[in-house]
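Sharing a structure here in structure tokens format.
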């Protein structure tokens with residue numbers, strides 16, 4: 001069973017890497033502090049598809065309140081490209097690297113980024129949350145965030161649905177109606193392969209031996 005599992009991981013990793021060289025996928029570009037918006041402007045000028053999730057924060061300055069649009073994932077800008085075109089991003093001032101393992105950039109699941117984009121466009125309220133993985137796994141079954149998985153976090157005024165991007169170890173909390181959630185069921189005997197980022201990590205580690 002262990003040999004079969006390892007074979008499936010290797011096969012999945014090879015497939016993932018092959019797809020990355022042909023099709024544009026989403027990657028996380030790590031930026032200098034407070035350079036997210038500036039990097040996004042440069043990417044736009046270079047016609048690189050990008051995504052900087054923002055949230056509204058109210059700050060009090062002296063005798064007035066100011067509403068600011070801040071990056072939901074500080075230090076990161078998401079870019080969609082074919083991996084061989086990564087220099088178009090790495091040459092942008094303020095970009096340090098594409099997140100990955102052992103020097104190999106790893107793609108984020110398209111479904112997560114696209115659902116997050118759709119949710120923010122439709123007006124779903126979201127804000128940064130401490131990275132969170134432990135808890136009962138739930139899935140959004142309806143609405144713009146349909147398909148995303150996360151866990152519930154309790155707060156004084158209720159609960160929030162927390163979605164985590166494991167590759168960058170960051171989370172966001174969103175407002176979701178409880179009726180739109182369902183428990184993630186694990187089918188008995190079914191082998192669940194790791195996500196693209198985990199498979200990439202496994203494969204690059206193998207290649208470095």
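For the stretch 124-161, what are the residues that are under 21 Å from residue 75 (Cα atoms) and either assigned to a loop (DSSP other than H, G, I, E, B) or touching a residue at least 60 places away in the same chain (Cβ under 8 Å) (or both)?
125, 126, 127, 128, 130, 131, 132, 133 - these are the residues of the stretch 124-161 that are under 21 Å from residue 75 (Cα atoms) and either assigned to a loop (DSSP other than H, G, I, E, B) or touching a residue at least 60 places away in the same chain (Cβ under 8 Å) (or both).
Give the number of residues within the stretch 101-123 that are more than 13 Å from residue 148 (Cβ to Cβ), in a helix (DSSP H, G or I) and within 14 Å of the chain's Cα centre (by Cα).
0
What number of residues within the stretch 102-147 are over 16 Å from residue 161 (Cβ atoms) and surrounded by 14 or more Cβ atoms within 10 Å (Cβ to Cβ)?
Of the residues in that region, 10 qualify.
Take the residues in the stretch 18-33 that are surrounded by fewer than 18 Cβ atoms within 10 Å (Cβ to Cβ), touching a strand residue (DSSP E or B) at 6+ places or on another chain (Cβ under 9 Å) and at pLDDT 85 or above; name whichever of them is nearest to residue 172 (Cα to Cα).
Within the stretch 18-33, the match that is nearest to residue 172 (Cα to Cα) is 30.
Residue 41 passes all but one of (1) modelled with pLDDT of 90 or more; (2) outside any helix (DSSP H, G or I); (3) out of contact with any strand residue (DSSP E or B) (no Cβ under 9 Å at 6 or more places or on another chain); which number fails?
So residue 41 meets the others, but not (2).
Shifting gears a bit: Report, by residue number, each residue of the stretch 83-100 that is in a loop (DSSP other than H, G, I, E, B) and surrounded by 14 or more Cβ atoms within 10 Å (Cβ to Cβ).
Listed by number, the residues that qualify are 86, 92, 94, 99.
The values are calculated or read from the model by the stated rules, or taken from the named source; none is laboratory data. Predicted, not measured: the structure shown is a model, and the values here were computed from it. Note: ideal-geometry Cβ built from the backbone for every residue, glycine included; neighbour counts use all protein chains shown.
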